[in-house]
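Student: Handing you a structure now.
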Amino acid sequence: MAAPLTLVLIVAVTIRAVLFSSSLAEPLMERVEVVSPLNAWKRVVEGLALLDLGASPYSGDVFHETPLIIYLFHFVIDYADIVFMIADGITAVALYLAVQDYNKTVFRKQKYALEADRYPHDCLELIRTPKEMYYIPLKVALFYLLNPFTIFSCVAKSTCGLNNAVIALFILSTIKGSAFLSAVFLALATYQSIYPLTLFAPALLFLLQRLYIPVNFYRPSFWLFTLQYAVMYLGSLCVIVCLSFFLLSSWDFIPSVYGFILSVPDLTPNIGLFWYFFAEMFEHFRFFFICVFQINVFFYTIPLSIKLKEHPVFLIFMQIAIISIFKSYPTVGDISLYMAFLPVWSHLYRFLRNIFLVSCVMLACSALFPVLWHLWIYAGSANSNFYYAITLLFNVGQILLVSDYFYAFLRREHHLTHGLYLKRKDGSEATLVLK
Amino acid sequence: MTAGRCTAALLAAVLVCGLTCASTAAAEEAITEEYESISNANEHVQAQDDYARSQKRREITEHDDDQNEPPPSSSSSSSSSSSSSSSPPSKDYFKEELVIRPLSSGDIYASFQFQTRWDTDFFAPGKKVSHYRLFPKSLGQLMSKFSVREMHVSFTQGYWRTMQWGQPFLPAPPGAELWVWFQDSVADVDGAWKELTNVLSGIFCASLNFIDSTNTVEPTASFKPLGVGNVTHQRFLRYAVLPREIVCTENLTPWKKLLPCGSKAGLAVLMKSEKLFHSSFLSLAVHIRPVCQDWGCKGTAWELRQTVNVVFDLHTTGQGKREWSFFKMFSRTLTEACPLATSSKVYIDVTDNPQGELFELNPAAPSLTQAVVLGDRRTYAVYDLMASGTFGLLRSLNVLLRWKTPGSVDMLRPLLHGERYVAGYGLQTGEIHTLIYNNHPYRAFPVLLLDIVPWYLRLYIHTLTVTSKSRENKPSYIHYQPSKDRLRPHLLEMLIQLPPNSVTEVTVQFERALLKWTEYTPDPNHGFYVGSSVISALVPSVVAMDTSYTLEHPLFSTFFPCKEESSYFVRVYTEPLLVNLPTPDFSMPYNVICLTCTVVAVGYGSLYNLLTRTFQVEEPSPGVVKRLANMIRYLRGVPLL
């Protein structure tokens, strides 16, 4: 199993190395779909240049990376290409190992359920076989490494790749059951971009499940572990933030990074929903809508955690997807992370309702982004509405994709408890509806 | 008989003057109080309007009084009677001059300078300056209220073409420029600056109130004080440029009212707006600074310099004929000097024409003088308006320059020259190129380059390159203050050594920001202006500069203090830039809000749907008849069907 993974890694690195040395690297670094003001490489270099001039990188409004990133690249600025390739490799390997472990757990659970005869008898075709599950980890790595979105993001040296690596390591350590490492990586991911904060709930649920602690508010063991995990998480977050303070000995980075993410002052176009909305917003409603849009990202955590408390890994997938759709400065690198999980849910394929439509929308939008950008910015024959329309469509596509997977997941669970071929009272074949 | 009438008239004048002064002093106090109370309530706009209006009214009456008075040198009784204080009256005088320089392009450059000097101290402890004679009261009060040490404001229409016209006596960038040094006693410099710009905006009827933190900077080296004093920390300096400002008659009129004689007598009668604004370049300026009272510099005096620099075009004003006269340029002739002036002169640059072979002057100049200006020794024909012979039999002076040969004069290339442009295409990124020319054949000299770029063009300082003669030329000093969105602009200051006979190219890349729809100007596709770069330098001089203070110099040669013989100070402004930004569709706010909210609602709705509902087997709904029957059965209490 290691050999195909190595092969995939080698192929991925080769593709990236070729692109890095090609003429494509330079224009990619300017593409608004690939880099955002938060993670553009040009801005990292600018921050380092400001440091060299003796100014604080946060004294201007160009640099919005965290102090740890600037500290990292202070040393490896000359090997940045390699760093980004390694980050992608780490993400892929971590996801590979995590999914491998997760599949083992799934299979074990399924075996126990079968032995306990908990599944209805007509559900045998829903039962997953080791044969079809064997290649899933490899497919995940493949989906991440060879996804054009990831490749573009890596070649543009968007620091989104590093954030993805941190989140992948968080997932790996959670699935491996290491509460401490999980808390540390979650703190690091939160420190990098706030939004992974919502991954706290699925991680906690997974770890509780792994330790066979039921989610019961009257049980002290539940509260004990929750407190333990929260303290580890907040403690490491605190350590990281203080460390950043001591690196530059100023708190300037807090408004410059987190204030920037939350208040969305930079309206540079991207593939998200924020930029045009807040460019066209009436000034006195601005604050209200910023609050609404930001709460929207965090809002889904609680209901999703309640609904999916038995399936924390699917919850992680849902959360990552929601973050990458609704965050303030999304890039294609964020999308590639949740897309890497799609092979894990390949068994849901039979329940997906509009996967064909969604795939077509996503492909068409990906092709239209550069076209309409060119028409607006360079040719002058289109205006901002064209590009905006495509971002809307792209986001509708993503929303449909995610909700379709959610639907399919819930439906499969329903079938596993109630049987696949449901009958009406009068014995005719029934259709399932949401009520 | 005549002597008797004269004394009677003098007495009457003194009486009238004393009365009006007393009444106006009371009125002025009331105005000041009212103004202060209003400005304390932070209602700048209201205050500035009232203030300016009342000040203007006051100016007119005051100057009219002044004109009734005899010149100061002849009579001290009137000033002592009106000052009504025991302290000796402070000395003030007024000088006016006009310099005309024929340009090699065939155009003609006229530079007016009016100097009012007053040996008083606005900031002497325990003494409130309340009596004004020649010095305009509106500016004097401004100085004392805001503790201004030095103030330079200019309004310019058109761009000074250094390569065609040489260096101007007083450089100014297109649009409005304001720089102020505050006294070191000022605690809240930003607050004082904000109020000052609002008041000045009222005084000059200009849009100076658009100066805010997004276009104000504190340059570290480029704008050092031009007067005496020792505060040089940039904390007390504020500099702002409004490149978009349009200069018009409404700015000229209040400017003229600051003159002791208004536009009624002296050189100012030539300033008719219909002619001045029909020119290639027009720059109005007011400079106030503390200067030495005497050669020993024992006390400070306040100097107000009002200048107008204008270039008349050969083709539009001159109808293509190289023949210039006062009447042709200004549609007026001179008939008298300003009665309040101690000196009133017209200089005409005849350096290229020592024997009169190029052009002839009519009437011939009574005298010639030499002055070292901008590193060159120039010869000037002088017409002294105080001398009665100048005006001749017709009681008017209309100097006529008539060229004998149609060929143009060769102009020495200016030693320092700057150009600027934006490179790149599209609305995403761009590159600012600044070219600085050193035309000196063998001397290298350093220049200070100051760039102010608005925040919506995000500069990337790591892309800054400076090349001279296709080799990298590392600046020996860089001061870079990055911008803050919607708060402050980029400030880039560099000290660059220019090799002899070279072009130095400074490039820096920028990114164009998408703004909120309310932040665009009403004509967003016209583009956004970026103010001129400022190049300040000590240029090696061809002749020894005059550094002595003992001689009487013409005004135009003494604006920038000259400290050494071998070089002179030059400031060059480059072109302002016009940069296009990407624009949103301004007609779409409702649509965008609706559409984006719809997409968010689609996301919310589909998740809400899946979260709150459960899967159920769909039972076929019973028909209408059956439902009706069931309802009746339910009412009857029998089992349902």
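Student: Please name all residue pairs, on different chains or six or more residues apart, with Cβ atoms under 8 Å, provided the first residue is in the stretch A:330-357 and is touching a residue at least 12 places away in the same chain (Cβ under 8 Å) and under 25 Å from residue A:91 (Cβ atoms) and the second residue is in a helix (DSSP H, G or I) and charged (D, E, K, R).
Tutor: The qualifying pairs are A:343/A:139; A:346/A:132; A:346/A:139; A:347/A:132; A:347/A:412; A:348/A:412; A:355/A:404.
Student: Name every residue in the stretch B:270-318 that is closer than 13 Å to residue B:120 by Cα and touching a residue at least 24 places away in the same chain (Cβ under 8 Å), in order of residue number.
Tutor: B:289, B:290, B:291, B:292, B:293, B:299, B:300, B:301, B:302, B:303, B:304
Student: On to the next question. Condition first: free of Cβ contacts under 8 Å to residues at least 24 places away in the same chain and charged (D, E, K, R). Now tell me which residues in the stretch B:571-626 satisfy that.
Tutor: The answer is B:585, B:613, B:618, B:619, B:626.
Student: Identify, by number, the condition in (1) of a type outside the set (Lys, Arg); (2) outside any strand (DSSP E or B); (3) surrounded by 19 or more Cβ atoms within 10 Å (Cβ to Cβ) that residue B:593 doesn't meet.
Tutor: It is condition (3) that residue B:593 fails.
Student: Continuing with the same structure: Restricting to the stretch A:245-258, count the residues that are closer than 20 Å to residue A:329 by Cα and either surrounded by 13 or more Cβ atoms within 10 Å (Cβ to Cβ) or of a type in the set (A, V, I, L, M) (or both). Walk me through how you get there before you give the answer.
Tutor: To start, the set of residues in the stretch A:245-258 that are closer than 20 Å to residue A:329 by Cα comprises A:253-258.
Right, trim to either surrounded by 13 or more Cβ atoms within 10 Å (Cβ to Cβ) or of a type in the set (A, V, I, L, M) (or both) and you get A:253-254, A:256-258.
Here the count works out to 5.
Student: Return yes when residue A:221 is assigned to a helix (DSSP H, G or I) and modelled with pLDDT under 95 and no when it is not.
Tutor: Details: assigned to a helix (DSSP H, G or I): yes; modelled with pLDDT under 95: yes.
When the stated conditions are applied, residue A:221 passes them.
Student: Give just the number: which of (1) under 21 Å from residue B:435 (Cα atoms); (2) modelled with pLDDT under 95; (3) buried (at least 20 other Cβ atoms within 10 Å of the Cβ); (4) of a type outside the set (Asp, Glu) does residue B:492 not satisfy?
Tutor: (2)
Student: From the list B:419, B:431, which one is of a type outside the set (A, V, I, L, M, F, W, C), assigned to a strand (DSSP E or B) and over 30 Å from residue A:374 (Cβ atoms)?
Tutor: Values: B:431 fails: over 30 Å from residue A:374 (Cβ atoms).
The match here is B:419.
Student: Could you check the stretch B:348-385 and list, in sequence order, the residues that are farther than 17 Å from residue B:326 by Cα, of a type in the set (A, V, I, L, M), over 30 Å from the mean Cα position of the chain (by Cα) and surrounded by 14 or more Cβ atoms within 10 Å (Cβ to Cβ)?
Tutor: Once the filter is applied, which keeps residues that are farther than 17 Å from residue B:326 by Cα, of a type in the set (A, V, I, L, M), over 30 Å from the mean Cα position of the chain (by Cα) and surrounded by 14 or more Cβ atoms within 10 Å (Cβ to Cβ), the stretch B:348-385 yields only B:358.
Student: Right, here's the next one. Go through the residues of the stretch A:16-28 one by one and say whether even a single one is under 18 Å from residue B:458 (Cβ atoms) and assigned to a helix (DSSP H, G or I). Quick ask: steps written out before the conclusion?
Tutor: Residues of the stretch A:16-28 that are under 18 Å from residue B:458 (Cβ atoms), as a first pass: none.
No; the residues of the stretch A:16-28 include none that is under 18 Å from residue B:458 (Cβ atoms) and assigned to a helix (DSSP H, G or I).
Student: Determine whether the stretch A:139-154 contains at least one residue that is touching a Lys or Arg at 6+ places or on another chain (Cβ under 8 Å), assigned to a helix (DSSP H, G or I) and farther than 21 Å from residue A:7 by Cβ. Break it down stepwise before answering.
Tutor: As a first pass, look at the stretch A:139-154 and keep what is touching a Lys or Arg at 6+ places or on another chain (Cβ under 8 Å): A:151-152, A:154.
Those still in the list that are assigned to a helix (DSSP H, G or I) too: A:151-152, A:154.
Cutting the leftovers down to farther than 21 Å from residue A:7 by Cβ gives us A:152.
Yes, the stretch A:139-154 has at least one match.
Student: Answer yes or no: is there a residue in the stretch A:390-402 that is surrounded by fewer than 20 Cβ atoms within 10 Å (Cβ to Cβ) and over 23 Å from the mean Cα position of the chain (by Cα).
Tutor: no
Student: So which residues in the stretch A:110-137 are part of a helix (DSSP H, G or I), surrounded by 11 or more Cβ atoms within 10 Å (Cβ to Cβ) and charged (D, E, K, R), if there are any at all?
Tutor: Of the stretch A:110-137, the ones part of a helix (DSSP H, G or I) are A:110-115, A:121-126, A:130-134, A:136-137.
Within this subset, residues satisfying the condition of being surrounded by 11 or more Cβ atoms within 10 Å (Cβ to Cβ) are A:110-111, A:113-114, A:122-123, A:126, A:133-134, A:136-137.
The answer is A:111, A:122.
Student: Which residues, taken from the stretch A:384-423, are at the interface with chain B (Cβ under 7 Å from one of its Cβ atoms) and in contact with an Asp or Glu (Cβ under 6 Å, 6 or more places away or on another chain)?
Tutor: The answer is A:384, A:385.
Student: Based on this model, can you work out whether residue B:425 counts as within 14 Å of another protein chain (Cβ to nearest Cβ), of a type in the set (Phe, Trp, Tyr), outside any strand (DSSP E or B) and over 30 Å from the mean Cα position of the chain (by Cα)?
Tutor: yes
Student: If you don't mind, there's one more thing I want to ask. Which count do you get for residues in the stretch B:605-626 that are in a helix (DSSP H, G or I), of a type outside the set (D, E, K, R) and more than 7 Å from every other protein chain (Cβ to nearest Cβ)? Quick ask: steps written out before the conclusion?
Tutor: Here is the first cut: in the stretch B:605-626, the ones in a helix (DSSP H, G or I) are B:605-612, B:624-626.
Right, trim to of a type outside the set (D, E, K, R) and you get B:605-612, B:624-625.
So of that shortlist, the ones also more than 7 Å from every other protein chain (Cβ to nearest Cβ) come out as B:605, B:608, B:612, B:624-625.
Residues in the stretch B:605-626 being in a helix (DSSP H, G or I), of a type outside the set (D, E, K, R) and more than 7 Å from every other protein chain (Cβ to nearest Cβ): 5 in total.
Student: Looking at this structure, is residue B:518 within 14 Å of chain A (Cβ to nearest Cβ), closer than 30 Å to residue A:383 by Cβ, among the β-branched types (Val, Ile, Thr) and part of a strand (DSSP E or B)?
Tutor: It is false that residue B:518 is within 14 Å of chain A (Cβ to nearest Cβ), closer than 30 Å to residue A:383 by Cβ, among the β-branched types (Val, Ile, Thr) and part of a strand (DSSP E or B).
The values are calculated or read from the model by the stated rules, or taken from the named source; none is laboratory data. Since the structure is predicted, the reported quantities are computational estimates derived from the model, not experimental observations. When we count neighbours, we look across all protein chains shown, and the Cβ atoms used for this are built from the backbone with ideal geometry, even at glycine.
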